[in-house]
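> Sharing a structure with you now.
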Amino acid sequence: MLTVVASLKGGSGKSTVTFNLAVWLAMAGIRVRAFDLDPQATLSDVIEVRQDEKTKPALRIEGGIAELMAADRAVADGEEILVDVGTADIEAMNAAVSMADRVLVPVQPSQADIWSVQRFLRMVRKESQDQGPEVYAFINRGDTHHAVRESDEAAAALVTLPGLRLLRPRLRQRTAFRRSFSEGQAVFELEPRGKAARELLALAAATYAHVLK
Ligand SMILES: Nc1ncnc2c1ncn2[C@@H]1O[C@H](COP(=O)(O)OP(=O)(O)O)[C@@H](O)[C@H]1O
Ligand SMILES: [Mg+2]
């Protein structure tokens, strides 16, 4: 399955989530092929750190859009392709989205981010002939304080958007995501018992239910 992690917003957590899911898939014994089509190359950078640290399971980044097209044509059963894209290269983003089986959109809980998701959905629809990819959103960098209801309100708004499915598990704003990333590790490697790990694993289970069967 080809999953593209995308959004029009920088800093929404695309590279963080792509990386964590790639590590998780590799740990699950799935053949995962990771592509970084964002000129910012954050995913490539974090994987380079991981390689320098010789952390297992090892990951590597594959080439650009041409290699992605080849990988998509020759995708093997049980293989997962994960693509990190950014708005710095809209053409690459659109090309990846048009190939995708599904698009995963991290959304920060703010009105601006909801509007941006709506715009993104229109772009996806325009780029994809007849049957476009499924588009899934989830809340990232949610509030950790009970009294703050912004994440609930953002989730409520997301479920009303046509053509979008909300994945219930949320990632909250947690330093573990930043700290693990800078070590080239997934959150569940650095702090397996932490809250961030639990959140990420819940998201992985919802996103990759088919590999757990
Ligand atoms: N849930 C989170 N909690 C705390 N920091 C996060 C979280 N998700 C992402 N970040 C941090 O936010 C910044 C942007 O994330 P990144 O994954 O690079 O976003 P994008 O790829 O969408 O631009 C990074 O410093 C990352 O560590
Ligand atoms: Mg990024």
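The values are calculated or read from the model by the stated rules, or taken from the named source; none is laboratory data. Just so it is clear, the model here is predicted, and its values are computed rather than measured. All Cβ positions, glycine included, derive from the backbone under ideal geometry; neighbour counts span all protein chains shown. Keep in mind that these areas ignore ligands, DNA and RNA; they rest on the heavy atoms of the full protein, side chains included. Shrake-Rupley method; radii C 1.70, N 1.55, O 1.52, S 1.80 Å.
> Filter the stretch 15-59 down to the residues that are part of a loop (DSSP other than H, G, I, E, B) and open to solvent by 40 Å² or more (accessible area, probe 1.4 Å), then identify the one that is farthest from ligand 1 (Cβ to nearest atom).
Per the criteria, the residue is Gly29.
> For the stretch 77-108, give me each residue that is closer than 15 Å to Val17 by Cβ and surrounded by fewer than 21 Cβ atoms within 10 Å (Cβ to Cβ).
The one that is closer than 15 Å to Val17 by Cβ and surrounded by fewer than 21 Cβ atoms within 10 Å (Cβ to Cβ): Arg102.
> Consider Arg193 carefully, then state whether it is within 13 Å of ligand 1 (Cβ to nearest atom) and surrounded by fewer than 19 Cβ atoms within 10 Å (Cβ to Cβ).
Spelling it out, it is not the case that Arg193 is within 13 Å of ligand 1 (Cβ to nearest atom) and surrounded by fewer than 19 Cβ atoms within 10 Å (Cβ to Cβ).
> Would you point out the residue of the stretch 147-173, among those that are part of a loop (DSSP other than H, G, I, E, B) and under 14 Å from Pro106 (Cα atoms), that is farthest from ligand 1 (Cβ to nearest atom)?
The extreme case among them is Leu164.
> Right, something else. Taking the stretch 70-83 only, how many residues are within 19 Å of the chain's Cα centre (by Cα) and either farther than 20 Å from Leu104 by Cβ or assigned to a helix (DSSP H, G or I) (or both)?
2
> Another question about this same structure. Just to be sure before I move on: is Val5 within 23 Å of Arg170 (Cβ to Cβ), within 15 Å of ligand 2 (Cβ to nearest atom) and within 13 Å of the chain's Cα centre (by Cα) in the structure I sent?
yes
Here is a yes/no grid of residues against (1) surrounded by fewer than 16 Cβ atoms within 10 Å (Cβ to Cβ); (2) within 16 Å of ligand 2 (Cβ to nearest atom); (3) free of Cβ contacts under 8 Å to residues at least 24 places away in the same chain; (4) among the small types (Gly, Ala, Ser):
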{"site": "Ser110", "(1), (2), (3), (4)": "yes, no, no, yes"}
{"site": "Lys126", "(1), (2), (3), (4)": "yes, no, yes, no"}
{"site": "Pro169", "(1), (2), (3), (4)": "no, no, no, no"}
{"site": "Leu200", "(1), (2), (3), (4)": "no, no, no, no"}
{"site": "Tyr208", "(1), (2), (3), (4)": "no, no, no, no"}
